[in-house]
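Q: What follows is a structure written as structure tokens; I'll ask about it next.
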Amino acid sequence: MENNTEIQNPWKILAEKEVYDNPWITVTHSDVLNPKGKPGIYGKVHFKNLAIGVVPVDAEMNTYLVGQFRFTINEYSWEIPEGGAKLGTDPVITAQNELREETGIIAEHYELLCPRLHTSNSVTNEIGYMYLATGLSQGPDEQEDTEDITVKKLPLAEAVAMVLDGRITDSISQTALLLAARKFGI
């Protein structure tokens with residue numbers, strides 16, 4: 001396998017400008033020469049946070065999903081607890097906070113499931129981190145005003161089935177659940 005850092009970038013940026021900015025994202029427009037040397041354009045969404053996801057697994061091999069209506073896709077979505085970590089902060093702290101806020105669960109142990117994930121690398125440079133949380137205890141949730149979340153406890157194997165049959169479509173949730181299942185031999 002080749003080292004990604006040794007491969008030269010075939011894209012040439014001729015001009016770049018910021019076209020949108022809010023507290024969560026910046027969008028840039030670039031005039032480019034594509035890998036074949038032809039002029040083109042490219043838009044990129046720069047996230048101001050890391051994407052963080054947590055798969056909580058209890059002693060009976062149950063996990064907890066959160067369901068909510070997602071504005072961006074205009075659909076109800078089942079996902080693992082997720083949130084955004086400010087760049088430069090420790091992602092595991094956000095994982096702990098999101099799990100507690102969305103589900104009320106506190107975990108004794110957190111394990112990184114993979115070094116990093118690019119959520120949609122054709123349009124964004126967003127990076128995601130996914131954690132396995134074990135040693136669970138239940139407390140009250142602390143959902144934010146923008147959240148109207150339903151928490152669902154189910155066997156980890158059933159959550160994996162939801163990934164495989166398309167009921168879970170969120171990329172971080174899919175990846176994290178499959179990695180957790182692999183870790184447990186499911």
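The values are calculated or read from the model by the stated rules, or taken from the named source; none is laboratory data. All values derive from a computational prediction rather than experimental measurement. Methodologically, a virtual Cβ is constructed for each residue, glycine included, from the backbone with ideal geometry; neighbour enumeration extends over all protein chains shown.
Q: With Gly104, Gly67 as the choices, which residue is free of Cβ contacts under 8 Å to residues at least 60 places away in the same chain, closer than 23 Å to Val160 by Cα and of a type in the set (Gly, Ala, Ser)? Working first, answer last.
A: Working: Gly67 fails: free of Cβ contacts under 8 Å to residues at least 60 places away in the same chain.
Step by step, each of Gly104, Gly67 is checked, and only Gly104 is free of Cβ contacts under 8 Å to residues at least 60 places away in the same chain, closer than 23 Å to Val160 by Cα and of a type in the set (Gly, Ala, Ser).
Q: Among the listed residues Gly128, Gly135, Gly139, identify the single one that is surrounded by 13 or more Cβ atoms within 10 Å (Cβ to Cβ) and more than 26 Å from Phe47 (Cβ to Cβ).
A: Gly135
Q: Would you be able to tell me the number of residues in the stretch 99-127 that are small (Gly, Ala, Ser) and at pLDDT 95 or above? Before the answer, list the steps.
A: Pass one, the stretch 99-127, residues small (Gly, Ala, Ser): 104, 107, 120, 122.
Filter once more, so that each one left must be at pLDDT 95 or above: 107.
Number satisfying all stated conditions: 1.
Q: Against the conditions (1) in contact with a helix residue (DSSP H, G or I) (Cβ under 7 Å, 6 or more places away or on another chain); (2) acidic (Asp, Glu); (3) loosely packed, with under 15 Cβ neighbours inside 10 Å, where does Asp165 fall short? Just the number, please.
A: With respect to (1) in contact with a helix residue (DSSP H, G or I) (Cβ under 7 Å, 6 or more places away or on another chain); (2) acidic (Asp, Glu); (3) loosely packed, with under 15 Cβ neighbours inside 10 Å, Asp165 is out only on (1).
Q: What number of residues within the stretch 28-59 are of a type outside the set (Ser, Thr, Tyr) and either touching a Lys or Arg at 6+ places or on another chain (Cβ under 7 Å) or closer than 26 Å to Ile93 by Cα (or both)? Steps first, answer last, please.
A: Filtering the stretch 28-59 down to residues of a type outside the set (Ser, Thr, Tyr) leaves 29, 31-41, 43-59.
Add one more test, that the residue is either touching a Lys or Arg at 6+ places or on another chain (Cβ under 7 Å) or closer than 26 Å to Ile93 by Cα (or both), and what stays is 29, 32-33, 45-59.
Here the count works out to 18.
Q: Taking the stretch 103-129 as the region of interest, how many residues are acidic (Asp, Glu) and in contact with a Phe, Trp or Tyr (Cβ under 9 Å, 6 or more places away or on another chain)?
A: From the stretch 103-129, those acidic (Asp, Glu) are 108, 111, 126; that's our starting set.
Narrowing the set further to residues that are in contact with a Phe, Trp or Tyr (Cβ under 9 Å, 6 or more places away or on another chain) leaves 111, 126.
Residues flagged as acidic (Asp, Glu) and in contact with a Phe, Trp or Tyr (Cβ under 9 Å, 6 or more places away or on another chain) within the stretch 103-129 amount to 2.
Q: Turning to a different aspect of this structure: Say we look at the stretch 1-35 and pick out the residues that are modelled with pLDDT of 95 or more and either out of contact with any strand residue (DSSP E or B) (no Cβ under 9 Å at 6 or more places or on another chain) or of a type in the set (Ser, Thr, Tyr) (or both); which of these is nearest to Val123 (Cα to Cα)?
A: Among those residues, the one meeting the criterion is Thr28.
Q: Here are some residues: Ala133, Ala107, Ala159. Which one is in the same structural domain as Gly83 (by TED's automatic domain parsing), touching a Gly at 6+ places or on another chain (Cβ under 9 Å), among the hydrophobic types (A, V, I, L, M, F, W, C) and at negative phi? Please lay out each step first, then the result.
A: On the way: Ala133 fails: touching a Gly at 6+ places or on another chain (Cβ under 9 Å); Ala159 fails: touching a Gly at 6+ places or on another chain (Cβ under 9 Å).
After ruling out the rest, the residue left standing is Ala107.
Q: Can you pull out the strands (runs of 3 or more DSSP E) entirely within the stretch 70-186 that have at least 2 residues that are within 17 Å of the chain's Cα centre (by Cα)?
A: 75-79, 82-86, 105-112, 127-138
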